[in-house]
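Below: the structure, in structure tokens.
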Protein chains: 2
Amino acid sequence: MKPRVPRMNDQESAAWLGLTTMFSLLPVALDRQLQRDSGLTHFEFVVLSRLQLSPDPTMRMTALAEASVSTLPRLSHVCGRLEKRGLVERSPCPEDRRATNVRLTTDGRRELIRSIPGHIATARRLVIDALTPEQLDALTDITNTINARLTEDRTP
Amino acid sequence: MKPRVPRMNDQESAAWLGLTTMFSLLPVALDRQLQRDSGLTHFEFVVLSRLQLSPDPTMRMTALAEASVSTLPRLSHVCGRLEKRGLVERSPCPEDRRATNVRLTTDGRRELIRSIPGHIATARRLVIDALTPEQLDALTDITNTINARLTEDRTP
DNA sequence: ACCCATTACTTGTCGCGTCAACCAAACGGG
DNA sequence: CCCGTTTGGTTGACGCGACAAGTAATGGGT
């Protein structure tokens, strides 16, 4: 069955063009700043952040993957690199011997904290400070709505 | 000088989290659908689209790079692949012998047109149809504002 | 007329992410 | 108490993109 999807009108096209343009520019900009100033990719930054924010000092790979909006293979690779650089440590989980626990090392926490101000400054300069409070609220609603669709699309 | 950037408040954090979550999910989703159904990456799709939309049947690399929100190296690589697959053709520009002209082949146009309905359907399902008209307008404003900052940030 | 800077693009390298395949442990029905 | 299935994670291969470096043509200043 081919349910004939309607073309986009001008209003829809404008939104779509703005959106696609944004996400071909924004990730690159974030990666550039973090890489240049802190030697971290944005995703590495997110992983370290989620680890630090966790109430429990150690997290399972699956939980960390979920928290950092990623996949297990991707997380596994990046944890391998981060471990080599001494920023995280992995240890087998005693309760479930299939599982792996990850935790932030002292070096990892230090590097993360060092990198935060520059990252926040960039996020403010490029996005947050450019928007009005009403736009911030609107953006939250919009992204939450879209993200709901995206997450249910992830696992068919 | 270190002008002490303020932390984010709850409103700002919510918007930022929503945004970062979205652009770690959306590009993957678009690539997946296009790759599966049409053997194209989203960026390849954009390149072909811009070529087809051009009033002139042929475009300079620089113009195409700008239109597809990309860089010259990236575009050069992807044009190489697309040319190998017979979807585009490159020829030296007669007026400026440094320049290269790209144009869509018949096969390229056909493949593009084949791929459009599925792509639009995905864009609708994941984004457009999830939003109200007011949200679409808001999204256009927001992304245009951010994109302005991003583009001026690109070339310091 | 010459030279240096700029423009236009290409190429190579490297690192990251996706996917598929794999392994091992735990579960659960018969 | 098995044995098939599900869950948790790792690994390898491959492709794409960023960046840096290189080439070639153009143009602007003197």
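The values are calculated or read from the model by the stated rules, or taken from the named source; none is laboratory data. Just so it is clear, the structure is predicted and the values come from calculations on it, not from any experiment. Reconstructed Cβ throughout: ideal geometry from the backbone, glycine too, with neighbour counts over all protein chains shown. For accessibility, only protein heavy atoms count, side chains too; no ligands or nucleic acids. Shrake-Rupley method; radii C 1.70, N 1.55, O 1.52, S 1.80 Å.
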TODO: Collect residues whose amide H, placed 1.01 Å from N in the peptide plane, falls under 5 Å from the amide H of A:Val88; neighbours closer than 5 in sequence don't count.
DONE: A:Glu83, A:Thr105
Task: Largest to smallest accessible area among B:Asp31, B:Asp141 [probe 1.4 Å] - done: B:Asp141, B:Asp31
- [ ] Could you work out the relative contact order of chain B, using alpha carbon pairs under 8 angstrom and six or more residues apart, expressed as a whole percent?
- [x] 20
Task: Angle in degrees between helix A:10-38 and the longest Cα principal axis of chain A, rounded to the nearest 10 - done: 20
Task: Part-to-part distance (alpha-carbon centres) for the stretch A:21-96 and the stretch A:99-154, which is given in Å - done: 12
Task: Derived scalar couplings ³J(HN,Hα) [the stretch B:119-127; Karplus, 6.51 cos²θ - 1.76 cosθ + 1.60; whole Hz; x for Gly, Pro] - done: 5, 4, 4, 5, 4, 5, 4, 8, 10
Open item on the list: With a 1.4 Å probe and all protein chains kept in place, how much accessible area does A:His77 have, in Å² rounded to the nearest 10?
Closed with: 120
Open item on the list: Can you tell me the orientation of helix B:72-84 relative to chain B, as the angle in degrees between its alpha-carbon axis and the longest Cα principal axis, to the nearest 10?
Closed with: 50
- [ ] Between the label point of B:Arg125 and that of the same position in each other copy, find the distances and list them shortest first in nm, with every label point placed 7 Å from Cα along the Cα-to-C-beta direction.
- [x] 4.0
TODO: Choose one answer from A:Ala138, A:Ala15, A:Ala99: the residue with the largest mean-square fluctuation in a GNM of chain A with alpha-carbon springs under 10 Å.
DONE: A:Ala15
Open item on the list: Just to check I understand the Karplus step: with θ = phi - 60° and J = 6.51 cos²θ - 1.76 cosθ + 1.60, what whole-Hz values come out for the stretch A:47-59, glycine and proline as x?
Closed with: 4, 4, 4, 5, 5, 5, 6, 4, x, 7, x, 10, 10
Task: For A:Met8, label point 7 Å along C-beta direction: distances to other copies, nm - done: 2.5
Open item on the list: On C-alpha positions alone, give me the angle between the axis of helix A:133-154 and the longest principal axis of chain A, in degrees, nearest 10.
Closed with: 80
Open item on the list: Pairs of alpha-carbon atoms within less than 8 angstrom and 6+ residues apart define the contacts here; what relative contact order does the stretch A:80-156 have, in percent?
Closed with: 17
Task: Protein heavy-atom accessible area occluded, A/B pair - total, 1.4 Å probe, Å² - done: 5500
Task: Distance between modelled label sites at B:Arg125 and A:Arg114, nm, 7 Å Cα→Cβ extension - done: 4.6
- [ ] Would you compute, from DSSP H runs of 4+ residues alone, the mean residue ellipticity of chain B at 222 nm, taking -39500 (n - 2.57) per run and dividing by the full residue count, rounded to the nearest 500?
- [x] -22500 deg cm²/dmol
TODO: Quick one: dipole size for chain B, taken about the Cα centre, charges +1 on Lys/Arg Cβ and -1 on Asp/Glu Cβ, in debye to the nearest 20.
DONE: 600
- [ ] Starting from the Cα gyration tensor of chain B, take the square roots of the eigenvalues, sort them a ≥ b ≥ c, and report rounded, prolate or oblate (rounded when a/c is under 1.5, otherwise prolate if a/b is larger than b/c, else oblate).
- [x] oblate
TODO: With a 1.4 Å probe and every protein chain kept in, tell me what percent of the accessible surface of the stretch B:1-140 is carbon plus sulfur.
DONE: 54
